[in-house]
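Inspection log for the structure reproduced underneath, given as structure tokens.
The values are calculated or read from the model by the stated rules, or taken from the named source; none is laboratory data. Predicted, not measured: the structure shown is a model, and the values here were computed from it. So basically every Cβ, Gly included, is an ideal-geometry build from the backbone, and we count neighbours across all protein chains shown. When the accessible area is computed, the model is the full protein with side chains, heavy atoms only, and any ligands, DNA or RNA have been set aside. Shrake-Rupley method; radii C 1.70, N 1.55, O 1.52, S 1.80 Å.
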Amino acid sequence: MTLENNFIHHSKEYIFLDNETLSNHRENTYKKIFQKNYDRKNNESLKNITISDVSKFNYFYKPTKTNPTVSLIDDLNYKIKLVDGICKNYEDEYIEIRNITNLDFKIFLNQVNNNLDDIIIDFNKIFLNSGIFFNIKSDTKLKIRLVHDTSENFTVFQNNFINFNKNCEVQLEDHFNLTNNSINNINYNIHVDEKAVVKHNIFQNFRNSNKLYLTSNSVCEKKSSYHQNTYNFSEGFVRNFHHAHLNGEYSNASLKGCFFLKNKNICSNKTNIIHNAVNCVSDQTYKGILNAHSKASYYSNTFVSENAQKTEGYQLSKGILLTDNCSFFSKPELRIFADDVKCSHGSTIGPVDESALYYLRSRGMSKNEAMKMIISSFIEEDLLNLDKNIAKEISNNLSDYLKSLSND
Amino acid sequence: MIFLNINNLNVSIEGKKILNDFNITINEGEVHAIMGPNGCGKSTLANVLAGNEDYEVNSGKVIFKDEDLLDLNIEERAQKGLFLAFQYPVEIPGVNITPFLQASINSKLKNEKKPELDNLSFAKLLRKKAEELGINTDMLKRSINTGFSGGEKKRYEILQMSVLNPELTIFDETDSGLDVDALKIVTEGINRFKNPKNSFLIITHYQKLLDYIHPDHVHVMRNGKIVKSGDISLASEVEVSGYQNF
Ligand SMILES: Nc1ncnc2c1ncn2[C@@H]1O[C@H](COP(=O)(O)OP(=O)(O)OP(=O)(O)O)[C@@H](O)[C@H]1O
Ligand SMILES: [Mg+2]
């Protein structure tokens with residue numbers, strides 16, 4: 001279906017229909033895309049995406065027999081299941097989670113906007129049909145596993161708000177359980193209050209027919225930290241665009257990711273860290289293994305504003321290309337307006353080191369085994385500081401991926 | 001059984017001829033040494049025997065344990081009992097020594113249809129061998145050769161040899177870069193490892209190593225072939241007057 005048809009026929013699902021400001025804004029956004037009134041050539045948000053692919057889709061959103069849950073796996077260890085973007089409204093002394101309603105328009109008006117040229121975020125605004133408001137109360141120490149179930153053919157346009165309040169210490173896991181043929185355009189607004197410590201691990205492992213566009217904007221206040229890791233084992237298209245704002249002094253953020261591509265898989269990645277305060281540290285590292293005809297891109301960006309002295313910022317991209325037919329485009333960028341900063345970026349992308357392969361094989365290991373050992377070593381360091389269960393899950397996914405390589 | 005026979009081997013790299021009708025025969029239990037000026041093709045010989053695919057074998061034959069060695073790939077040669085201690089061991093960050101060596105020995109055992117070693121018995125074996133060679137067991141937790149000093153890399157090659165227990169070991173300048181004490185430990189290690197079934201091809205620039213190891217044959221190599229063979233006295237000749245007389 002065309003963009004126009006979708007817009008006209010599915011306007012009722014829009015959450016903020018009653019709010020004039022947001023509705024107008026939405027209308028304008030729609031017009032901008034419809035009239036192709038945006039930068040089409042150098043638009044990072046469209047890297048590895050064709051606009052006609054994203055604008056022509058079968059909008060379908062009828063969450064009827066949904067069954068979202070909130071359960072406790074353990075003490076202070078939650079499992080929260082969202083179904084088609086909907087959660088079960090729940091509150092206890094540690095957390096509060098609920099679906100957003102049109103009464104929440106104020107938080108929408110106030111959300112950090114770093115996505116001015118992001119067409120995917122424009123689509124998220126135009127078709128917004130779900131969202132959750134998630135509050136983690138202060139001084140709590142929790143583990144949360146957030147499972148996103150999306151039914152067949154569903155198009156979920158979701159905008160979520162997570163507040164990590166003062167002094168909380170949280171390990172948040174996102175799992176995407178997509179069935180078939182779904183489109184998931186999900187935007188996170190994450191606020192990390194003073195002295196809060198957040199580890200956010202995101203698992204993406206789903207089949208070819210699904211698409212996931214995941215965007216996040218996090219804001220760190222004084223002495224807080226936000227560490228995000230994405231693990232992308234998906235056959236379906238994934239876009240990871242993540243922005244972190246260091247607004248409070250002595251805060252730090254890392255946006256890291258690993259992806260494992262085969263066949264004709266495509267992924268598009270971007271990270272962006274904005275230093276707005278003194279004495280902050282940031283790290284952006286994406287690593288990928290690419291096989292067959294797969295394709296990846298990674299933009300990284302460190303912005304240091306003029307008052308963000310004593311900034312430390314690192315950027316790195318690493319890739320192993322297993323065939324001559326895959327490609328990994330990487331573009332690091334630094335924009336620095338303060339003078340007392342330490343920033344660096346690096347990039348190493350290429351085939352498996354032949355001399356390493358020779359060394360391992362010369363001790364009797366088969367080529368396949370040697371290859372696997374080198375590939376596993378590639379993410380070895382990323383597994384070191386992880387919770388045992390998570391590390392196990394990743395290494396299971398990794399061995400599945402490695403198995404698939406030998407079948408090619 | 002023919003243990004190792006190299007017959008009129010011609011090898012080139014990027015069109016440049018390096019080995020030139022090279023011949024040698026090594027029998028079971030023998031220790032051979034090859035000396036020769038820089039660039040004469042010693043490492044080329046070692047790498048061609050190990051199966052390095054960068055080199056082009058233009059003609060000639062290599063029989064190892066009655067089989068055509070050149071028909072085998074890199075790992076098959078290792079599994080059949082060939083081991084090369086590299087002149088420049090490569091650093092492989094992230095690949096830990098212990099699982100790497102365990103996987104190596106197990107692929108060999110598997111090939112010989114013998115039971116594989118479990119983690120515990122392998123760890124024991126590795127620790128024992130490391131202690132024999134004066135290698136700090138802390139090193140066994142590290143990534144392959146990563147950040148090792150020149151001498152540490154060489155010692156670690158010897159450790160791999162003693163764990164994998166090969167029948168033919170090629171040392172490519174394993175003595176270079178070792179301090180006096182390390183040289184002693186390494187040669188003791190080699191001597192302990194020597195038995196009527198194990199053979200060695202030792203590539204070296206120095207007589208010192210040969211004094212400790214007592215090779216059965218010493219060869220001088222120039223321009224891709226052996227130009228003179230003899231006993232240990234040949235090494236002293238090289239030591240005194242260099243290669244111009246050969
Ligand atoms: N990849 C290559 N491309 C071109 N020439 C090469 C290559 N590798 C080796 N050679 C050449 O082959 C010749 C033999 O090299 P080799 O390493 O076998 O010498 P060597 O006898 O081991 O010397 P050394 O005593 O210095 O270790 C040298 O002239 C060298 O430059
Ligand atoms: Mg050499």
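Only residues that are among the hydroxyl-bearing types (Ser, Thr, Tyr) and not in a strand (DSSP E or B): list them for the stretch A:245-255, please. Answer for the stretch A:245-255, where residues must be among the hydroxyl-bearing types (Ser, Thr, Tyr) and not in a strand (DSSP E or B): A:Tyr250, A:Ser251. Checked across the stretch B:56-68, the condition of being of a type in the set (Ser, Thr, Tyr) and either crowded, with 21+ Cβ neighbours inside 10 Å or within 13 Å of ligand 2 (Cβ to nearest atom) (or both) holds for no residue.
Within the stretch B:90-106, being assigned to a loop (DSSP other than H, G, I, E, B) and more than 7 Å from chain A (Cβ to nearest Cβ) holds for one residue alone: B:Glu91.
Filtered by the rule that a residue be away from every other protein chain (no Cβ under 14 Å), in contact with a strand residue (DSSP E or B) (Cβ under 8 Å, 6 or more places away or on another chain) and in a helix (DSSP H, G or I), the stretch B:54-83 gives a lone residue, B:Leu70. B:Lys184 - would you say it is open to solvent by 60 Å² or more (accessible area, probe 1.4 Å), within 14 Å of chain A (Cβ to nearest Cβ) and out of contact with any helix residue (DSSP H, G or I) (no Cβ under 7 Å at 6 or more places or on another chain)? In short, no.
All told, B:Thr146 falls short of being on the phi < 0 side of the Ramachandran plot, more than 16 Å from ligand 1 (Cβ to nearest atom), assigned to a strand (DSSP E or B) and touching a strand residue (DSSP E or B) at 6+ places or on another chain (Cβ under 6 Å).
Can you pull out every residue in the stretch A:238-271 that is among the hydrophobic types (A, V, I, L, M, F, W, C) and free of Cβ contacts under 8 Å to residues at least 60 places away in the same chain?
Step one: filter the stretch A:238-271 for residues among the hydrophobic types (A, V, I, L, M, F, W, C), giving A:238, A:241, A:244, A:246, A:253, A:255, A:258-261, A:266-267.
Of everything in the stretch A:238-271, those that are among the hydrophobic types (A, V, I, L, M, F, W, C) and free of Cβ contacts under 8 Å to residues at least 60 places away in the same chain turn out to be A:Val238, A:Ala244, A:Ala253, A:Leu255, A:Phe259.
Scanning the stretch A:256-296 for residues that are open to solvent by 40 Å² or more (accessible area, probe 1.4 Å) and in a loop (DSSP other than H, G, I, E, B) yields A:Asn263, A:Lys264, A:Asn276, A:Val278, A:Asn279, A:His293. Within the stretch B:38-53, the set of residues being near ligand 1 (Cβ under 7 Å from one of its atoms), surrounded by fewer than 21 Cβ atoms within 10 Å (Cβ to Cβ) and in a loop (DSSP other than H, G, I, E, B) comprises B:Asn38, B:Gly39.
Just give me the residues in the stretch A:222-242 being in contact with an Asp or Glu (Cβ under 8 Å, 6 or more places away or on another chain), open to solvent by 10 Å² or more (accessible area, probe 1.4 Å) and either part of a strand (DSSP E or B) or charged (D, E, K, R) (or both), in sequence order. Reasoning before the result, please.
Filtering the stretch A:222-242 for residues in contact with an Asp or Glu (Cβ under 8 Å, 6 or more places away or on another chain) gives A:222-224, A:229, A:233, A:241.
Next, from what is left, pick out any that are open to solvent by 10 Å² or more (accessible area, probe 1.4 Å): A:222-223, A:229, A:233.
Correct list: A:Lys222, A:Lys223, A:Asn229.
For the residues A:Leu172, A:Leu142, the requirement of being out of contact with any Pro (no Cβ under 9 Å at 6 or more places or on another chain), buried (at least 20 other Cβ atoms within 10 Å of the Cβ) and not in a loop (DSSP other than H, G, I, E, B) singles out A:Leu172. B:Phe86 meets each of the listed conditions (1) among the aromatic types (Phe, Trp, Tyr); (2) over 20 Å from the mean Cα position of the chain (by Cα); (3) within 11 Å of another protein chain (Cβ to nearest Cβ) apart from (2).
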